[in-house]
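The values are calculated or read from the model by the stated rules, or taken from the named source; none is laboratory data. Because the structure is predicted, anything quoted here is derived from the model rather than measured. Methodologically, a virtual Cβ is constructed for each residue, glycine included, from the backbone with ideal geometry; neighbour enumeration extends over all protein chains shown. Side chains are part of the model used for accessible areas, which takes the heavy atoms of the whole protein and leaves out ligands, DNA and RNA. Shrake-Rupley method; radii C 1.70, N 1.55, O 1.52, S 1.80 Å.
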Amino acid sequence: MAAGKYNFTLEQGTTFSREITVQDSGSAMNLTGYTPRMQMRSTHDSSTIGLTFTTSVSNAAQGKIQISASSTATAAVEEGMYVYDLEIESVSSGVTRLMEGQVTVTPEVTR
């Protein structure tokens, strides 16, 4: 399965929370035994991680993954454009990239 393309905006200093549903051939993929992970960086080949998101399988049978970052974590990210990807890993299937794209971090004014 090819990774989906999705660009989004991350507001500096706010709590970020999203739940996604992973589908395979139109049905929810059973994520039992999978571990998700997601990072963003300034470029694809950068060795510096801009943000590591907190990820978890919130409902394995329904293919649900919870992605979040605290307001403290997002406040520490400089405004600008970043790239990210979301992957899942299992011992039996290896690593699969689910989503990738660009993140626009908008600056916080009120602190």
Among G63, L51, V103, the residue whose Cα sits farthest towards the positive end of the charge dipole of the chain (+1 at Cβ of Lys and Arg, -1 at Cβ of Asp and Glu, taken about the Cα centre) is G63
Bounding extents of the chain in its principal axis frame from Cα atoms, largest first in Å, are 43, 27, 23
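Note down the relative contact order for the chain as a percent, whole number, built from C-alpha pairs under 8 angstrom at least six residues apart. Don't skip to the end; give the middle numbers.
Values: 263 pairs, mean separation 41.7, N = 111.
Contact order relative to length: 38 percent.
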The chain accessible area per residue, 1.4 Å probe, protein heavy atoms, integer Å², reads 59
